[in-house]
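The values are calculated or read from the model by the stated rules, or taken from the named source; none is laboratory data. Note that the coordinates shown come from a computational prediction; the quantities given were computed from them, not determined experimentally. Methodologically, a virtual Cβ is constructed for each residue, glycine included, from the backbone with ideal geometry; neighbour enumeration extends over all protein chains shown. Note: accessible area is taken over every heavy atom of the protein model, side chains too, but ligands, DNA and RNA are not part of it. Shrake-Rupley method; radii C 1.70, N 1.55, O 1.52, S 1.80 Å.
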Amino acid sequence: PALKAFVYFLIALVLVVAVGCFGWIYWYRNNLLVQVAQPNCLGLIILGCIVSTTTIIPMGYETEYRDSPDIIGADVACMAVPWLWGLGFTICFSSLFAKVWRVKQLFKAAAQFRRVKVDNKSIVVVMGSMLLVESVILIAFQAVSPQIWEREVLDDIDGYAIESEGGCTSENGWWFWLALILFHVVSLFYAMVLCFHTKNIPS
């Protein structure tokens, strides 16, 4: 209980800091440096961090066996973990990705002496595409082999459990976890390539 309370305190601290960052962005929204950094993208990065952080909350939810009255809540918590983790990562990372992609497009056009306008619509398409891929994987996960809560008796005396272990299980869930991780790794790798291409652009 003490460890769980400490973790929840840290979550609350992160959320308070995140709200403070939102307030800072809004307060200085007319500042040139903030405008250049694209306040909308900064806000989405913070939002993604908030969503990712809340992944810890359902991870701490537990119950007894499958006949428990709150088993539905435990099952929902089990599937909330990949949803919050996946969407949080994608919201945060796609914002960063879109910012770097925008810089690369502008730099590429300048190198070819062409004038190009990369508006917010183009950035939304980039972010929307990443969210679409992430959502498809998560929806397939939810529909095909969702995680459910299971508690296994490790030791008993005369049929009475004296030691048990509970956790989220899924018959084929590892395939979907693998798909999520691969998508994130590929996205990170491509973002590293974009950063390498734009590393010499003066700030």
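Helical runs (DSSP H, four residues minimum) scored at -39500 (n - 2.57) apiece and divided by the length of the chain put the mean residue ellipticity at 222 nm at -24000 deg cm²/dmol.
Dipole of the chain computed with +1 at Lys/Arg Cβ and -1 at Asp/Glu Cβ about the Cα centre; of 82, 149, 72, farthest Cα towards the positive end is 82. Counting only protein heavy atoms and a 1.4 Å probe, tell me what percentage of segment 138-183's accessible area is made up of carbon and sulfur. Of all accessible area on segment 138-183, carbon and sulfur atoms account for 57 percent. In order along segment 126-138, phi translates into HN-Hα couplings of 4, 5, x, 5, 5, 5, 5, 4, 4, 5, 4, 4, 5 Hz, rounded to whole numbers, per the Karplus curve 6.51 cos²θ - 1.76 cosθ + 1.60 with θ = phi - 60° and x for Gly and Pro. Helix 71-111 and the longest principal axis of the Cα set of the chain meet at an angle near 10°.
Taking Cα centre as origin and charging only the Cβ of basic (Lys, Arg, +1) and acidic (Asp, Glu, -1) residues, the dipole magnitude of the chain rounds to 2520 debye. What the Cβ-Cβ distance of residue 122 and residue 34 gives, at R0 = 22 Å and to the nearest 0.05, is a FRET efficiency of 0.55. Ligands, DNA and RNA are left out, and with a 1.4 angstrom probe the accessible area of the chain is 65 Å² per residue.
Once semi-axes √(5λ) of the Cα gyration tensor in Å is calculated for the structure shown, the corresponding label among (1) 33, 18, 14; (2) 23, 22, 18; (3) 42, 21, 13 turns out to be (3). Within the accessible surface of segment 37-82, defined with a 1.4 Å probe on protein heavy atoms only, the carbon and sulfur portion equals 71 percent.
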